[in-house]
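Chemist: One structure, as structure tokens, below. Some questions next.
The values are calculated or read from the model by the stated rules, or taken from the named source; none is laboratory data. The shown structure was predicted, so the numbers you read here are calculated from the model rather than taken from an experiment. Glycine gets a Cβ as well: all are built from the backbone with ideal geometry, and neighbour counts include every protein chain shown.
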Amino acid sequence: MAVFVVLLILSVFIIKPLLISLFLGAILAYAVYPLYRRLTVKNKTIAAALICILVLLILIIPAIFLVKGLVQESYTLYQLVREKVPSTLMDICQVLRCWALQDLAGNEAVIEQIQTAGIGATSWLIAK
């Protein structure tokens, strides 16, 4: 009985994202259905296409503005950090990054791993 309860709880965690999507879809369908009924007077196919286009526009247009705002704000933050952080600190980070890469390039084990990965990737591409 305990195993059944554990499996039931784990299955709820697995299905939870699906249930959220189904619930939001049901709310959207309930909200749009009256408009669909009014449009189905002449042709159901055209009404369904119009509703799909309308729902896509309702979802995509705000998403575009959201992404645009996020990109602008992240660029502004980047400019602010670059302006406020002293250039010597940025230079030190660049030098440290170069040293780390030189250390990796000088390590024989790393070079061998990179070559092995390259051979494996090439073989896989050729096999496809």
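Chemist: Of these, Leu104, Leu70, which one is surrounded by 10 or more Cβ atoms within 10 Å (Cβ to Cβ) and at pLDDT 80 or above?
Modeler: Leu70
Chemist: Also, quick follow-up: How many residues are charged (D, E, K, R) and surrounded by 10 or more Cβ atoms within 10 Å (Cβ to Cβ) if we restrict to the range 109-128?
Modeler: Looking only at that region, the number is 1.
Chemist: Restricting the first residue to the range 39-53 and requiring it to be at pLDDT below 90, which pairs with a second residue that is assigned to a loop (DSSP other than H, G, I, E, B) and loosely packed, with under 14 Cβ neighbours inside 10 Å meet a Cβ separation below 9 Å and a spacing of at least six or different chains?
Modeler: Once the first residue is at pLDDT below 90 and sits in the range 39-53, its partners that are assigned to a loop (DSSP other than H, G, I, E, B) and loosely packed, with under 14 Cβ neighbours inside 10 Å give Ala47/Val41.
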